[in-house]
Amino acid sequence: MLAFEPVKGSGVYLEDAAGRRVLDLYGGHAVAALGYAHPKLTEALVTQLETLQFQSNLVPMAVRDRAADALADFAPAGLDRVFFVNSGAEANENALKIALKLTGRPKVVAIEHAFHGRTAGAAAVTWGAKTSWYGYPQTPMEVEFVPRDDIEALNAAVDERTGAVIIEPVQGLAGAYDFKPEYLVAVREACSRQGAMMILDEVQTGMGRLGEPFGADLYDVVPDLLTTAKGLAGGLPAGAVIMLDDIAMELGPGDLATTFGGAPVACAAIEAVITVIREEGLIERVRECSAALRQQCGSSLVESFHGAGYLLGLRTTPKAAALRNALLERDILTGTSADPHVLRLLPPLVLEMNHVEAFVAALGELSDGTL
Ligand code: PLP
């Protein structure tokens, strides 16, 4: 736990009870897409809270339809059908279930160092889960892990028993590891060749974070199923499985269900998040500020960069945790990753150039050799 307790937030700043303001370059694990107290998000939430606070998906609701349409429109062409859930793990759990059920196959191919969540199916395809925190006696499906960027190993693993390959476009927790672009294309091709489904886990990378609506756009691949969560509702718990029309057509009543998924308050937030991303040109801003971060962060503390847009991994000479703590002392919040030498930046999409400059200045001050 960090030595800072925020009690409120505004824009890209958090504030504690004593009035200390901290620049947030971590966004609550990529959740605060619009930063804090964005007026349009707040207004949408208040309006929905005053109108209808809850009904399940037993009944039709215009706000849910609007959120689903907005999300399908934001997603790559072809991914037109949306099922709302409550978290990233739940989205992956459903995507895995759909792929295995519809293909009738028992095996999933996953990638070394991947993180997909802490529920049974999502954990089963998470690297290292068995030895560290995977608590179930057995996995609900067969899983084969393949090394990153090794197309030969991938093609050997994806066979006629494979129902799905699950992959993050940029591996978040692993330290913003970006694959060779041809690797994602190879995953698509291997799935198509063998009749398996490609699941793109965009729980962390989606909703504009990579400087494109989704990583699928950045790498020009269309998966069968795309999962997203985190920034989707700007801070409310929400996730989604976005799928090809053909897949949705094969699902019957009761195949997918949830009590809270698609609830009206979360849907009002989803609609507002997408509207603001479009109206404020946040995708373009992510690209510009991310490029500036890469250009200007050259310091004796930073050896190289990974990732894209606002999912950036800075490979640091000192331990990333030591640098994160020193930055927090200078009122800048950053994150670490599974790689002890990668500092992770997941700032709100509303970050501006002056915030980039503040970060660059702080790094400069810390480059005096004391770390
Ligand atoms: N998938 C990815 C790529 C993630 O980064 C995460 C969370 O960090 C998850 C899935 C799990 O999401 P949640 O914590 O909302 O269940």
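The values are calculated or read from the model by the stated rules, or taken from the named source; none is laboratory data. Not measured: the values here are computed from a predicted model. Please note: Cβ atoms are built from the backbone with ideal geometry, for glycine as well, and neighbour counts cover all protein chains shown. What goes into the accessible areas is simple: the full protein's heavy atoms, side chains included, and nothing from ligands, DNA or RNA. Shrake-Rupley method; radii C 1.70, N 1.55, O 1.52, S 1.80 Å.
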Flagged in region 226-276 as among the aliphatic types (A, V, I, L, M), more than 19 Å from L200 (Cβ to Cβ) and not in a loop (DSSP other than H, G, I, E, B), in numbering order, are A233, L236, M249, V265, A266, A268, A269, A272, V273, V276
Any chance you could count how many residues in region 168-184 are of a type in the set (A, V, I, L, M), open to solvent by less than 10 Å² (accessible area, probe 1.4 Å) and near the ligand (Cβ under 10 Å from one of its atoms)? 1
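I'd like the full set of residues that are in a loop (DSSP other than H, G, I, E, B) and over 17 Å from the mean Cα position of the chain (by Cα), limited to region 330-341.
Restricting attention to region 330-341, the residues satisfying the condition of being in a loop (DSSP other than H, G, I, E, B) are 330-331, 334, 336-341.
Of everything in region 330-341, those that are in a loop (DSSP other than H, G, I, E, B) and over 17 Å from the mean Cα position of the chain (by Cα) turn out to be R330, D331, D339, P340, H341.
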Inside region 50-92, can you point out the residues that are open to solvent by 80 Å² or more (accessible area, probe 1.4 Å) and in a helix (DSSP H, G or I)? E50, T51, D65, R66, D69, D73
Any residue that is away from the ligand (no atom under 11 Å from the Cβ), under 22 Å from Y36 (Cβ atoms) and of a type outside the set (G, A, S) - is there at least one of those in region 223-244? yes
For residues that are hydrophobic (A, V, I, L, M, F, W, C) and closer than 20 Å to Y177 by Cβ, scanning just region 316-358, find the one that is most open to solvent (accessible area, probe 1.4 Å). A338
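Does any residue of region 312-320 turn out to be under 20 Å from D368 (Cα atoms), assigned to a helix (DSSP H, G or I) and either among the hydrophobic types (A, V, I, L, M, F, W, C) or under 18 Å from the mean Cα position of the chain (by Cα) (or both)? Before the answer, list the steps.
Step one: filter region 312-320 for residues under 20 Å from D368 (Cα atoms), giving 314-320.
Imposing the further condition that a residue be assigned to a helix (DSSP H, G or I) reduces the set to 320.
Subset that is either among the hydrophobic types (A, V, I, L, M, F, W, C) or under 18 Å from the mean Cα position of the chain (by Cα) (or both): 320.
Checking region 312-320: at least one residue is under 20 Å from D368 (Cα atoms), assigned to a helix (DSSP H, G or I) and either among the hydrophobic types (A, V, I, L, M, F, W, C) or under 18 Å from the mean Cα position of the chain (by Cα) (or both).
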Test A120 against the criterion of being surrounded by 16 or more Cβ atoms within 10 Å (Cβ to Cβ), within 16 Å of the ligand (Cβ to nearest atom) and at pLDDT below 95, and give yes or no. yes
Residues in region 258-282 that are of a type outside the set (A, V, I, L, M) and under 16 Å from I242 (Cβ atoms): how many? 5
L2 is checked against (1) open to solvent by 80 Å² or more (accessible area, probe 1.4 Å); (2) away from the ligand (no atom under 16 Å from the Cβ) and fails just one. What number does that condition carry? (1)
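In region 243-267, what residues are within 19 Å of P213 (Cα to Cα) and aliphatic (A, V, I, L, M)?
Filtering region 243-267 down to residues within 19 Å of P213 (Cα to Cα) leaves 243-244, 267.
Within region 243-267, M243, L244 qualify.
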I'd like the full set of residues that are open to solvent by less than 50 Å² (accessible area, probe 1.4 Å) and away from the ligand (no atom under 16 Å from the Cβ), limited to region 99-117. L100, L102, T103, K107, V109
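Specify the residue that is nearest to the chain's Cα centre (by Cα); the eligible residues are those in region 277-293 that are of a type outside the set (D, E, K, R), farther than 15 Å from L311 by Cβ and in a helix (DSSP H, G or I).
Looking only at region 277-293, we keep the residues that are of a type outside the set (D, E, K, R), and these are 277, 281-283, 286, 289-293.
Checking which are farther than 15 Å from L311 by Cβ leaves us with 277, 281, 292.
Then drop every residue that is not in a helix (DSSP H, G or I), which leaves 277, 292.
Values: I277: 16, A292: 22 Å.
Result: I277.
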Looking at E271, E250, can you tell me which residue is open to solvent by 10 Å² or more (accessible area, probe 1.4 Å), more than 19 Å from the chain's Cα centre (by Cα), modelled with pLDDT of 95 or more and away from the ligand (no atom under 16 Å from the Cβ)? E250
Return the total of residues in region 342-369 being free of Cβ contacts under 8 Å to residues at least 40 places away in the same chain and part of a loop (DSSP other than H, G, I, E, B). 1
For region 15-36, enumerate the residues that are part of a strand (DSSP E or B) and of a type in the set (S, T, Y). Y36
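When you check A257 against the structure, is it among the aliphatic types (A, V, I, L, M) and either in contact with a helix residue (DSSP H, G or I) (Cβ under 9 Å, 6 or more places away or on another chain) or open to solvent by less than 50 Å² (accessible area, probe 1.4 Å) (or both), yes or no? Break it down stepwise before answering.
Values: among the aliphatic types (A, V, I, L, M): yes; either in contact with a helix residue (DSSP H, G or I) (Cβ under 9 Å, 6 or more places away or on another chain) or open to solvent by less than 50 Å² (accessible area, probe 1.4 Å) (or both): no.
No.
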Identify all residues within region 15-37 that are of a type outside the set (V, I, T), open to solvent by 20 Å² or more (accessible area, probe 1.4 Å) and within 24 Å of the chain's Cα centre (by Cα); write none if there are none. Y26, G28, H29, Y36, A37
Residue that is surrounded by the fewest Cβ atoms within 10 Å (Cβ to Cβ) [pool: residues in region 274-307 that are modelled with pLDDT of 95 or more and basic (K, R)]: R278
